[in-house]
Amino acid sequence: MNELIRVATNEQGSQVVSARELHSFLESKQQFADWIKNRIDKYGFVEDQDFTTFSEIYEKGRPRINYALTLDMAKELAMVEANEKGQQARRYFIECEKQYRQVAPKPLTPAEQLLQQAQLMVEQERRVTALESKVQEIEARTTTRPDYFTIAGYANVNRIPVNLKVAARAGQQATKLCKERGYLLDACDDPRFGRVNMYPRTVLDEVFRTPLQL
């Protein structure tokens, strides 16, 4: 389909037509300002419902007022022009509307909207959980030894429930393994327990893989 008059899509996703371009195509004998004012007054068109006004730059940088018409208003203006050009423009607008509806996304049913919202909530929850796990891991690590963890930090990252007795026993076993293998221990300040040891991840993996003897 050849473009007779430019049909644009505004920010709200609606099709709009330049009133000046339509006036030029219709070859009206009236001046544009008189033509558009008479049509608005005679047929009761409402601003911000059927049309919006905007300023555009014309020749030599001079501004002028134009009107963005809804496709329904443009069709009606073409029809009331009562000439061949008007009929041609009206048929053209109807065809533009048909093509737009074919490619425009169909509105979701209420059930589809609920499903979409549920999917978004699940995805958001997954992202929050992943972010929380990452934060916990960062908090559990020391800045100088990224693969070292406290007992509490390791248990928190891996979601292992530990009480003070279990934590103390795990610390003893981890210390023993580090000494046997020549691994250096690290330490950090804990707001609850004061200065606590930090152990390599591999050692803590082994400690928590086997039942702790309490």
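With everything on Cα atoms, drop me the angle between helix 164-181 and the longest principal axis of the chain, reported from 0 to 90° to the nearest 10. Value to nearest ten degrees: 70. Please work out whether the stretch 113-209 counts as rounded, prolate or oblate from its C-alpha gyration tensor, where a ≥ b ≥ c are the square roots of the eigenvalues and a/c under 1.5 means rounded, while otherwise a/b larger than b/c means prolate and anything else oblate? In terms of gyration-tensor shape, prolate. Number of Lys-Lys pairs in the chain with C-alpha atoms under 26 Å apart and a separation of 8 or more places or on different chains: 17. With each label modelled as a point 7 angstrom along the Cα→C-beta vector, the VAL166-GLU27 pair spans 8.9 nm.
Treating each Cα of the stretch 1-83 as an identical point scatterer and summing with the Debye formula, the log10 of I(q)/I(0) at q = 0.16, 0.21 Å⁻¹ comes to -0.62, -1.07.
Each Lys and Arg Cβ is given +1 and each Asp and Glu Cβ -1; about its Cα centre, the stretch 7-103 then shows a dipole of about 240 debye. Across the alpha-carbon set of the chain, the Rg to Rh ratio works out to 1.49, Rh being the Kirkwood radius.
Values in this text are rule-based calculations from the coordinates and carry no lab data. Note that the coordinates shown come from a computational prediction; the quantities given were computed from them, not determined experimentally. Glycine gets a Cβ as well: all are built from the backbone with ideal geometry, and neighbour counts include every protein chain shown.
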